Amino acid sequence: MDSKHKIDVSSISLSHPFRNIEGQKLFLQPPTYGNLITVLSIDGGGMRGIIPGTILSFLESELQKLDGEDARIAGYFDVIAGTSTGGLVTAMLTAPNEKNRPLFTAKDIKDFYLENCPKIFPQVCSPFPHVTKIIKALSGPKYDGKYHHSIVKEKLGNTKLHQTLTNVAIPTFDIKRLQPTIFSTYDVNNHPSLDASLSDICIATSAAPTYLPAHHFETKDPVGKVREFNLIDGGVAANNPTLIAIGEVTKQIMQENPDFLAISKMDYGRLLVISLGTGSAKAEEKYDADEAAKWGTLGWLTSAGSTPLVDVFSQASADLVDFHLSVVFQAFHSENNYLRIQDDSLNGIVSSVDIATKNNLEDLVKVGEGLLKKPVSRVNLETGIVEPTNEETNEEAIRRFAKLLSEEKHLRNARSPLGRAAS
């Protein structure tokens, strides 16, 4: 080990599960022993979460080719961030089972969505669908959320935030405080009131306005102080949570967290980021000003067979984050370390977040599989348009990232005394 990487092992915190020697074949050693900081981010988008789920299945299969069939997504990323449906996927990949292994493999995500989305978003047949939608918009959320709550609680049980198998960051929005609340494992030690159950966090981050009810719950810290949460979908603040993940890492570096002992400042050249979108409607399927100029409150909530207000703020935040990161990574000549996979050409009901018919869900699986074959796209900084790079396909890029992730994991194990002991 060179002088740059001589670390005082006694200063390294042993509080997080990924320091458990028995789990070293899965869990990732701290970034201070490596060359990179690895980040995975998953957008919100309702049942369209099946799209990033399909891509993650491919990524995990590539990692298994390199490191064996026991390889899991959680064992390769320093932090995984997810909003709304992305928050649920994050929890599924990082919540431990009774053997302290991930509760779900990445390939399980598709089956979970295919089985449960029709029950979370039950389709109501009506001879007057538009009238029915308006009545629902006036009387309450489109879905009562009962099945959504029950299945999330059933799968995640009593697992708390601090128990995840790697660091996670899941944004929500507190409507009582009118400010975002980010459930981050990095913050649990300093703010123990954030150590909520993963089920409550997932229900809250996916409580999209007009679709699912807001979620209220309370936590109690070790001294008995109660904190109240009144939460809705994190997508109102950060539908693309990539910047949140990077921000959480940056805070740890600034606070001199021992996990980042060899990293004195945030260096975007050390970041390796995969950011997965859930798809959006193609340009001609979106809205125009002449149409929107006629809308009142109901129009913004019910027009064009969709919920324009929700579509607009969620897509705006997602695209702005991508644009910002594209600028930064290109400025630091590290654009190959940032992979954004998004399909902005969805059309018809496949662009919906809640039309959970069997055919539509199967079509979304095909969208994810087809997206892997498409070329990597990047924002043109002059036009603001996302354009194919024609350098590699998303599938090829995922293979490249899988190799980098595997190499980084092995490097950290070689440099870390705990990693060497586990090997």
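All of (1) open to solvent by less than 20 Å² (accessible area, probe 1.4 Å); (2) touching a residue at least 12 places away in the same chain (Cβ under 8 Å); (3) assigned to a helix (DSSP H, G or I) hold for Gly299 with one exception: (2). Quick one: would you say Phe323 is touching a helix residue (DSSP H, G or I) at 6+ places or on another chain (Cβ under 6 Å), within 28 Å of Leu243 (Cβ to Cβ), open to solvent by 30 Å² or more (accessible area, probe 1.4 Å) and touching a residue at least 60 places away in the same chain (Cβ under 8 Å)? Against the criterion (touching a helix residue (DSSP H, G or I) at 6+ places or on another chain (Cβ under 6 Å), within 28 Å of Leu243 (Cβ to Cβ), open to solvent by 30 Å² or more (accessible area, probe 1.4 Å) and touching a residue at least 60 places away in the same chain (Cβ under 8 Å)), Phe323 does not qualify. The residues of segment 327-344 that are touching a residue at least 60 places away in the same chain (Cβ under 8 Å) and of a type in the set (Val, Ile, Thr), listed by number, are Val328, Ile341.
Identify, please: which residue in segment 158-195 is aliphatic (A, V, I, L, M) and crowded, with 19+ Cβ neighbours inside 10 Å and is, among those, modelled with the lowest pLDDT?
Val188
Selection over segment 207-234 of residues that are among the charged types (D, E, K, R), surrounded by 18 or more Cβ atoms within 10 Å (Cβ to Cβ) and not in a strand (DSSP E or B) gives a count of 0. Could you go through segment 256-267 and let me know if any residue there is open to solvent by 40 Å² or more (accessible area, probe 1.4 Å), assigned to a helix (DSSP H, G or I), within 30 Å of Asp322 (Cβ to Cβ) and in contact with a helix residue (DSSP H, G or I) (Cβ under 9 Å, 6 or more places away or on another chain). No: zero hits. All of Lys403, Lys409, Lys358 fail the test of being within 22 Å of the chain's Cα centre (by Cα), open to solvent by 70 Å² or more (accessible area, probe 1.4 Å) and more than 25 Å from Val312 (Cα to Cα), apart from Lys403. Once segment 371-399 is narrowed to residues that are in contact (Cβ under 8 Å) with a residue 60 or more places away in the chain and not aliphatic (A, V, I, L, M), the residue that is most open to solvent (accessible area, probe 1.4 Å) is Arg399.
For segment 61-74, indicate whether the set of residues that are in contact with a strand residue (DSSP E or B) (Cβ under 9 Å, 6 or more places away or on another chain), open to solvent by less than 20 Å² (accessible area, probe 1.4 Å) and touching a residue at least 60 places away in the same chain (Cβ under 8 Å) is non-empty. The answer is yes; a qualifying residue exists. When the criteria are applied in full, Ser15 meets the requirement of being modelled with pLDDT under 95 and open to solvent by 10 Å² or more (accessible area, probe 1.4 Å). Within segment 240-254, one or more residues are modelled with pLDDT of 90 or more and in a loop (DSSP other than H, G, I, E, B). Restricting segment 113-157 to residues that are modelled with pLDDT under 65 and hydroxyl-bearing (Ser, Thr, Tyr), the residue that is surrounded by the most Cβ atoms within 10 Å (Cβ to Cβ) is Thr132.
Residues to consider are Val328, Val367; find the one that is over 27 Å from Phe173 (Cα atoms) and surrounded by fewer than 21 Cβ atoms within 10 Å (Cβ to Cβ). None of the other options fit; the residue is Val367.
Take Ala318 and tell me if it is within 30 Å of Ala289 (Cα to Cα), buried (at least 17 other Cβ atoms within 10 Å of the Cβ), small (Gly, Ala, Ser) and more than 20 Å from the chain's Cα centre (by Cα).
So Ala318 does not fit the description; no.
The values are calculated or read from the model by the stated rules, or taken from the named source; none is laboratory data. Note that the structure is a prediction, hence the values are computed from the model and not measured. Virtual Cβ from ideal backbone geometry, glycine too; neighbours counted across all protein chains shown. Areas reflect the complete protein model, heavy atoms only, side chains present, ligands, DNA and RNA absent. Shrake-Rupley method; radii C 1.70, N 1.55, O 1.52, S 1.80 Å.
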